[in-house]
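These notes concern the structure reproduced below.
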Amino acid sequence: MNRDVIVVGAGIVGCAIAYELARRGASVEIVDERHPVGMGATQASAGVLAPYIEARDGNPLLDLGVRSLDLFDDFMTRVSSDSGIAVSYRRTGTIDVAVDESEMRALRTTADVLARRGVAARMLDRAGASAEEPHLAGDVIGALVIDAHGFVGAGDLTRALSVAARRHGAQLIEQSRVRRIVRTGAELIVETDRGSLNGTAVVLAAGSWSGTIDIEGVAARMPVRPVRGQLMHLTWSGPPLKRVTWSRRCYLVPWDDGSLLVGATVEDAGFDERATVAGVRDLLEAACDVVPQARTAGFRAARVGLRPGTSDDLPVIGPSSVVQGLVYATGHYRNGVLLAPLTAQLVADAMLDNRIDPMLEKVSPARFGL
Ligand code: GLY
């Protein structure tokens, strides 16, 4: 079915949706205030794909994350082929480390959950952890390795998605701030500070900024708030870490080009996108505590992103229960990169094939009166 869809937001979620809709034959426009694509939370993402660390057993986020992770291999192959852009993507696993008994207990609980689900994981004692990752500090008393996890170049992937979407006919409109969405008859109008766009459907994928857009007829307050994350970009020399290294205070992501990304703060700072002295200091200290050799790394940059958090920490995905033709894909909080392939699939299925996946019930806009 051919539909004129306006996707509001050119972060990884918006670009993944635009690409999926366009490749399935929809006529798509993507609109964003910034330039180039992915300049909101996406540019400050380390691209970690780790659902078994990010979500606890019983939380719908775990099932969403695992399902999306399962899509990643095919998704990456398709996006690279459709865009002609090679994007770094590794499934090297994670090593989640403990420095005291209570952290060890938490790792054992996760290991039990993984065993019940049949997911490959290994609990390591002090000697095992140090043999597995020689860079770990001496006070690490154990670790959990989860092989399925990995990481992806979030910025490059977003660029590739936008190129692939455009190759399938999508149009990208940048430097246009969306102010209002209004229904008039059979159409939805998206009012920007540089004119209006109209289509038969609109996808709201504006991350932390979703709540700044006025939607006519929707009285409920959008439950999305910015949660600042600071991320350090270091340059590492010598043998790299083998995989994503995760502690309670930070995570470290080793890139093939010698970069080491260290994330991330979790701060309530409104729309303030500045890096702070405390954020930089805390992350660098945490990184050096878990991997002492990080002291010798070069400091390249601090990046800052505003994750779109919601009151129940679950995203808001699916058709609006109030405005016909409006679809939400926002509030992905810490998991926008991980959930991008699944979000795109669920949204395209709902919009183009009227297929409402049962999983959408848990993340439905209706739970917030949207
Ligand atoms: N996904 C990790 C973070 O948001 O910091």
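The values are calculated or read from the model by the stated rules, or taken from the named source; none is laboratory data. Remember, predicted model here, so these are calculated numbers, not experimental data. Glycine also receives a Cβ, built like all others from the backbone with ideal geometry; neighbour counts cover every protein chain displayed.
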Self-check item: Yes/no for VAL13 being under 29 Å from PRO226 (Cα atoms) and away from the ligand (no atom under 16 Å from the Cβ)
Solution: no
Exercise. May I ask you to list pairs of residues, at least six apart or on different chains, whose Cβ atoms are under 6 Å apart, with the first in region 113-138 being touching a residue at least 12 places away in the same chain (Cβ under 8 Å) and the second being exposed (fewer than 12 other Cβ atoms within 10 Å of the Cβ) and acidic (Asp, Glu)?
Key: none
Practice problem: Search region 329-356 for residues that are basic (Lys, Arg) and pair each with any residue that is surrounded by fewer than 24 Cβ atoms within 10 Å (Cβ to Cβ) and part of a helix (DSSP H, G or I) when their beta-carbon atoms are under 7 Å apart and the residues are at least 6 apart or on different chains. | Solution: ARG334/GLU54; ARG355/ASP349
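Answer yes or no as to whether GLY217 is surrounded by fewer than 17 Cβ atoms within 10 Å (Cβ to Cβ) and touching a residue at least 24 places away in the same chain (Cβ under 8 Å). Before you say what the answer is, go through the steps one by one.
Details: surrounded by fewer than 17 Cβ atoms within 10 Å (Cβ to Cβ): yes; touching a residue at least 24 places away in the same chain (Cβ under 8 Å): yes.
Spelling it out, GLY217 is indeed surrounded by fewer than 17 Cβ atoms within 10 Å (Cβ to Cβ) and touching a residue at least 24 places away in the same chain (Cβ under 8 Å).
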Quiz item: In region 109-131, how many are surrounded by 12 or more Cβ atoms within 10 Å (Cβ to Cβ) and either among the small types (Gly, Ala, Ser) or in a loop (DSSP other than H, G, I, E, B) (or both)?
Solution: 7
Practice problem: Could you tell me whether VAL163 is touching a helix residue (DSSP H, G or I) at 6+ places or on another chain (Cβ under 8 Å) and surrounded by fewer than 22 Cβ atoms within 10 Å (Cβ to Cβ)? | Solution: yes
Quiz item: When you go through LEU61, LEU49 one by one, which is the residue that is touching a Pro at 6+ places or on another chain (Cβ under 9 Å) and within 16 Å of the ligand (Cβ to nearest atom)?
Solution: LEU61
Practice problem: Scan region 248-263 and report the pairs whose first residue is surrounded by fewer than 17 Cβ atoms within 10 Å (Cβ to Cβ) and whose second residue is β-branched (Val, Ile, Thr) and not in a strand (DSSP E or B), with Cβ atoms within less than 9 Å and a gap of 6+ or a chain change. | Solution: ARG248/VAL99; ARG249/VAL290
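Got at least one residue in region 151-168 being of a type outside the set (A, V, I, L, M), assigned to a strand (DSSP E or B) and touching a residue at least 12 places away in the same chain (Cβ under 8 Å)? Outline the logic, then answer.
The first filter runs over region 151-168 and keeps only residues of a type outside the set (A, V, I, L, M), leaving 151, 153, 155-156, 158-159, 162, 166-168.
Imposing the further condition that a residue be assigned to a strand (DSSP E or B) reduces the set to 151.
If we keep only those that are touching a residue at least 12 places away in the same chain (Cβ under 8 Å) too, we end up with 151.
Yes, region 151-168 has at least one match.
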Quiz item: Has region 71-79 got any residue that is among the polar types (S, T, N, Q), farther than 30 Å from ASP272 by Cβ and at pLDDT 95 or above?
Solution: yes
Quiz prompt | Selected residue (only one of TRP209, TRP255 is among the aromatic types (Phe, Trp, Tyr), closer than 16 Å to ALA294 by Cβ and away from the ligand (no atom under 15 Å from the Cβ)) | solution = TRP255
Quiz item: What is the one condition in (1) β-branched (Val, Ile, Thr); (2) within 25 Å of LEU62 (Cβ to Cβ); (3) under 22 Å from the mean Cα position of the chain (by Cα) that VAL280 does not satisfy?
Solution: (2)
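Filter region 306-359 for residues that are of a type in the set (S, T, N, Q) and within 15 Å of THR42 (Cβ to Cβ); which is surrounded by the most Cβ atoms within 10 Å (Cβ to Cβ)? Can you show your working first?
Let us first name the residues in region 306-359 that are of a type in the set (S, T, N, Q), namely 310-311, 320-321, 324, 330, 335, 343, 345, 354.
Filter once more, keeping what is within 15 Å of THR42 (Cβ to Cβ): 330, 335, 343.
Numbers: THR330: 31, ASN335: 24, THR343: 29.
Taking the candidates together, the pick is THR330.
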Practice problem: Name the strands (runs of 3 or more DSSP E) wholly inside region 265-370 in which the number of residues that are within 16 Å of the ligand (Cβ to nearest atom), closer than 27 Å to PHE75 by Cβ and of a type in the set (D, E, K, R) is 1 or more. | Solution: 298-309
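Do we find that ARG248 is in a loop (DSSP other than H, G, I, E, B), more than 16 Å from the ligand (Cβ to nearest atom) and charged (D, E, K, R) in this structure? Spell out the reasoning first.
On the way: in a loop (DSSP other than H, G, I, E, B): yes; more than 16 Å from the ligand (Cβ to nearest atom): no; charged (D, E, K, R): yes.
Spelling it out, it is not the case that ARG248 is in a loop (DSSP other than H, G, I, E, B), more than 16 Å from the ligand (Cβ to nearest atom) and charged (D, E, K, R).
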Quiz item: Is there any pair with a first residue in region 48-66 that is farther than 16 Å from PRO341 by Cβ and among the β-branched types (Val, Ile, Thr) and a second that is outside any strand (DSSP E or B) and more than 13 Å from the ligand (Cβ to nearest atom) whose Cβ atoms are under 9 Å apart and which are 6 or more apart or on different chains, and what are they?
Solution: ILE53/THR110
Quiz prompt | Tabulated pairs, region 101-112, first at pLDDT 95 or above, second among the basic types (Lys, Arg) and surrounded by 14 or more Cβ atoms within 10 Å (Cβ to Cβ), C-beta under 9 angstrom, 6+ apart or interchain | solution = GLU103/ARG248; ALA106/ARG248; ALA111/ARG122
Quiz item: Restricting attention to region 263-277, does a residue exist that is at pLDDT below 95 and of a type outside the set (A, V, I, L, M)?
Solution: no
